[in-house]
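The values are calculated or read from the model by the stated rules, or taken from the named source; none is laboratory data. It should be emphasised that the depicted structure is a prediction, and the values quoted were computed from it without experimental measurement. Counting neighbours? That spans all protein chains shown, and the Cβs are built from the backbone with ideal geometry, glycine included.
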Amino acid sequence: MSDSQYDVIIIGGGPAGMTAGLYASRASLKTLMLEKMIMGGQMMTATKIENWPGYPGGIDGPELMMRFQEHCVEFGLETGYGVVEKIIDNGDSKTLIVDGKEMTCQAVIIATGVIPKKLGLDGEEGLVGRGVSYCATCDGAFFRDVPIAVIGGGDTAAEEALFLTRFASKVVMVHRRDELRATKILRERIAKNEKIEMAWNSVVDELLSDNTGLTGAMLRDTQTGETRKVELSGMFVAVGVSPTTSFLDGIVKLDKGGYITAGEDTHTNIPGIFAAGDCRTNILKQVSTAVGDGAVAAIMAERHIEEQQHSS
Ligand code: NAP
């Protein structure tokens, strides 16, 4: 077997990919986990994970992911960096084009996760790093004693708003409805936090800026249509996520939201290609569900390889 030939190649180094890597390498399959940028996935930007069992009081996302990685490497998982441009299905084997080079394997596990959605406003892209951010853990500390806004009403927005109260003078939480989507425990913490001001039934119509960066936003009331100006030094956008699957278009079946169509057994429409974690159509996006998916995908990949060997 050459260095570019594997039993299993896992695309994505978050909780799903790492767990698949642990199971596959522990099953003595020659396994490579490829990551585009930073091992650990979304958890690298999570300040505290309170719903991963075994850590009363919570654990920091990066610390948990460091432990995951140490654990899978212990069983012989190979890790590497590279951008997968394409997967070619040759039937028995799969070819991956990674940064222009070919790699082959018998089974592929896609665990590419999701990325934050943008608001799509004029000037948004140009203000990234100059007031607009999609990651409170990464950028929160740059906004000490200044007013900021968090856009969105889900778990991410709620956690980011709570975290940002450590730095900001005030956090305006802008939500398009009159009720948060976030879980009850987070809703209660938001309601109790005096630094958080709710802008209910509101959306951002326009970003205001000068040559130093973001200076404010025009908010529109979704009920009355009225607009008002708020002065802000920072804006954290947390309006949901999109799956990182565009490179798979035309290769595996995606649903209309771009998520990989795969059931609990992680099988995609292509034998030998499996999908695990947040990039798959699933009802819950948590570390625990990603971990479960990773384990299932690795076992399915192992079975697929055994079946291929018996039939040849
Ligand atoms: P989400 O649950 O999809 O919430 C997105 C929020 O943004 C919703 O409140 C939505 O409003 C709002 N929104 C969407 N598009 C918008 C737009 N164009 N303009 C204004 N607002 C918009 O996304 P998420 O909070 O990133 O969470 C993603 C998944 O990860 C969820 O399953 C979540 O439970 C999970 N997660 C879990 C934890 C945890 O367990 N600790 C932490 C973070 C995330 P509507 O409510 O009106 O639709």
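Observations, loosely collected:
- Residues of the stretch 128-157 satisfying the condition of being crowded, with 20+ Cβ neighbours inside 10 Å, aliphatic (A, V, I, L, M) and over 21 Å from the mean Cα position of the chain (by Cα): ILE148, ALA149
- Odd one out for ASN211, checked against (1) out of contact with any helix residue (DSSP H, G or I) (no Cβ under 6 Å at 6 or more places or on another chain); (2) within 17 Å of PHE163 (Cα to Cα): (2)
- Within the stretch 68-93, the set of residues being closer than 17 Å to MET43 by Cβ and exposed (fewer than 13 other Cβ atoms within 10 Å of the Cβ) comprises GLU70 only.
- Filter pass, ALA191 being over 22 Å from GLY120 (Cα atoms), among the aliphatic types (A, V, I, L, M), buried (at least 23 other Cβ atoms within 10 Å of the Cβ) and more than 8 Å from the ligand (Cβ to nearest atom): no
- In the stretch 236-256, the qualifying residues are those that are farther than 25 Å from VAL128 by Cα and in contact (Cβ under 8 Å) with a residue 12 or more places away in the chain, and the one that is surrounded by the most Cβ atoms within 10 Å (Cβ to Cβ) is LEU248.
- Subset tally (residues that are surrounded by fewer than 24 Cβ atoms within 10 Å (Cβ to Cβ) and on the phi > 0 side of the Ramachandran plot) for the stretch 3-50: 2
- Flag if THR183 is modelled with pLDDT of 95 or more, under 30 Å from ASN282 (Cα atoms) and surrounded by 12 or more Cβ atoms within 10 Å (Cβ to Cβ): yes
- Condition check for SER169: hydroxyl-bearing (Ser, Thr, Tyr), surrounded by fewer than 23 Cβ atoms within 10 Å (Cβ to Cβ) and over 24 Å from the mean Cα position of the chain (by Cα): yes
- The lone exception for LEU219 - which of (1) at pLDDT 95 or above; (2) more than 15 Å from the ligand (Cβ to nearest atom) it fails: (2)
- The set of residues from the stretch 259-271 being surrounded by fewer than 24 Cβ atoms within 10 Å (Cβ to Cβ) and away from the ligand (no atom under 14 Å from the Cβ) comprises THR261, GLY263, GLU264, ASP265, HIS267, THR268, ASN269, ILE270, PRO271.
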